[in-house]
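Any read-out appearing in this document is the output of simple, stated calculations on the displayed coordinates, not a laboratory observation. Just so we're clear, the structure is a prediction, and the values are computed from it rather than from any experiment. Heads up, the Cβs are rebuilt from the backbone with ideal geometry, glycines too, and the neighbour counts pull from every protein chain shown.
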Amino acid sequence: MTRPEPFRQVPVRPAPAHPAPTGRRAARRDPVVTGLGLVTPAGPDTASTWAGVRAGLPTAAPDPALAGLSVSLSCRVPPLDHPMLRRRGTVRLDPVDRFGLVAADQALARAGLDPAGWDGSRVAVVTSGAAGGTQTLDQAQARIAGQGPAFVSPYFLTGHLINMVCANIALRYGVTGPALATSTACAAGTTALGIARDLLATGQCDLALVVGAEAAVNRLYVTGFTQLGALSGTASRPFDTARDGFVIAEGAGALVLERPEHAAARGARPLARLIGYAATTDAHHLVAPDPEGRGAERAVRAALADADTAPGDVGHVNAHGTGTRLNDVVEGAVLRRVLPHRPPVTSAKGALGHTLGAAGVIEAALTVLALTERSVPPTAGLTDPDPGVDLDVVTGVPRPCAGPVAVSTSFGFGGHNAVAVLAGA
């Protein structure tokens, strides 16, 4: 089959590979992470997700809803039973909103925050996603085709639009500060972290609830990724010689970021600090990464400069690690150039699959847990490391963190690159 060839832009002159430090950390204090929550195929909460990822347990399985397609493998969230979903107004919510609300509720509980008592004008919500409410869209399309326009639910748009995870969270918790929805494909979760960091730094809020949520496991999206040759029909194998694509997944992650003074004033114990962030764009191709990884490399170097951190201080990397032929080779080359001391590398997608626009927040939360517990999880599905990737990828069992600083990378269709640098509290 001939793969589609999206529009290609004219060559862009690469920027310097070694950006000068921005001085950001000298100007203001880094936000702290005080809470996190996870809803993933490994479990409906943080504890079960972390246990599954640390055990290196793959969650990919044949999906009856995808039967008959060329690829019918997915990573689904197990049934949810959470008090949040028994509240009034949740019956008509799309799964993506349900995932986001449950993850957010977990994060607030972990942070010891009671929304009933906060000043909502000093709180921000920043969400990430790529597809919006796909189940709601499927149902509306079926009704208009089979029964006519009059049978399309008036709740269609509020269930499908990509900003509705953000709107539902703000409405549920009385947030009247900035509420923003980001969509930079598979980099969106890390983009959301960067936006939240800047809202805190500029004084627009005292705390920010960052939520990445995705529920795009449906026949149309799976067909689209299959037509691009991006999906595996067998397993998620990041950095493995036999890798042949990613496994599509659903889920949500949430982090509470706070100005350190705000957290200290209420006696909150920080879990980690967000000390650096950067974003770049390849301007190379709509779906393929720059084969030399120039944009990704600039993002990693700029994030380290923003963090005022030397490459040698990085103790481990939570890699984008999709398991596609191109991404893993390009990312491996970038990490070898920027981090020649070869810190341990892990990819959560071996266990959880690829949650698209939610991946950056989910993986940042896992990075916080790794720093907190000083344990880097293994990469599930990796049995035969590709010598062409040439990274020190953690396999089999967890490995102790090699230092208190970690890098989390996210790269998305459209050439979006976003990198976060996190440090132990």
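Summary of values
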item: Dipole of the chain, positive end: most advanced residue of 367, 112, 222 [Cβ charges, Cα centre]; result: 112
item: Cβ-defined net charge surrounding residue 369, 12 Å radius [Lys, Arg +1; Asp, Glu -1]; result: +1
item: Burial ranking of peptide ranges 381-392, 292-303, 147-158, 172-183 (average Cβ count within 10 Å, highest at the top); result: 292-303, 172-183, 381-392, 147-158
item: Label-reachable residues, segment 396-423, where backbone N falls under 11 Å from a point 7 Å from residue 373's Cα toward its Cβ; result: 398-399
item: DSSP-defined antiparallel bridges as percent of all bridges, the chain, nearest 5; result: 65 percent
item: Taking only Cα atoms of segment 182-313, radius of gyration then Dmax in Å; result: 18.1, 53
item: Given charges at beta-carbon only (K, R positive; D, E negative), |dipole| of segment 240-391 in Debye; result: 400 debye
item: Sum of side-chain charges, residue 336 neighbourhood, beta-carbon under 15 Å (Lys, Arg +1; Asp, Glu -1); result: -3
item: Charge dipole (debye, nearest 20) of segment 179-287; +1 at Cβ of Lys and Arg, -1 at Cβ of Asp and Glu; result: 200 debye
item: FRET efficiency estimate (nearest 0.05) - Cβ-Cβ, residue 86 to residue 176, R0 25 angstrom; result: 0.50
item: Two-site label geometry, residue 150 and residue 283: point separation in nm, points 7 Å out along Cα→Cβ; result: 5.4 nm
item: Tensor-based shape of segment 30-424 (alpha-carbon gyration tensor, a/c under 1.5 rounded, otherwise prolate or oblate); result: oblate
item: Förster radius 30 Å - calculated FRET efficiency between residue 116 and residue 269, Cβ distance, rounded to 0.05; result: 0.90
item: Local net charge near residue 219, Cβ-Cβ under 11 Å (Lys/Arg +1, Asp/Glu -1); result: -2
item: Electrostatic dipole magnitude of the chain [Cβ: Lys, Arg +1; Asp, Glu -1; Cα centre; debye, to 20]; result: 500 debye
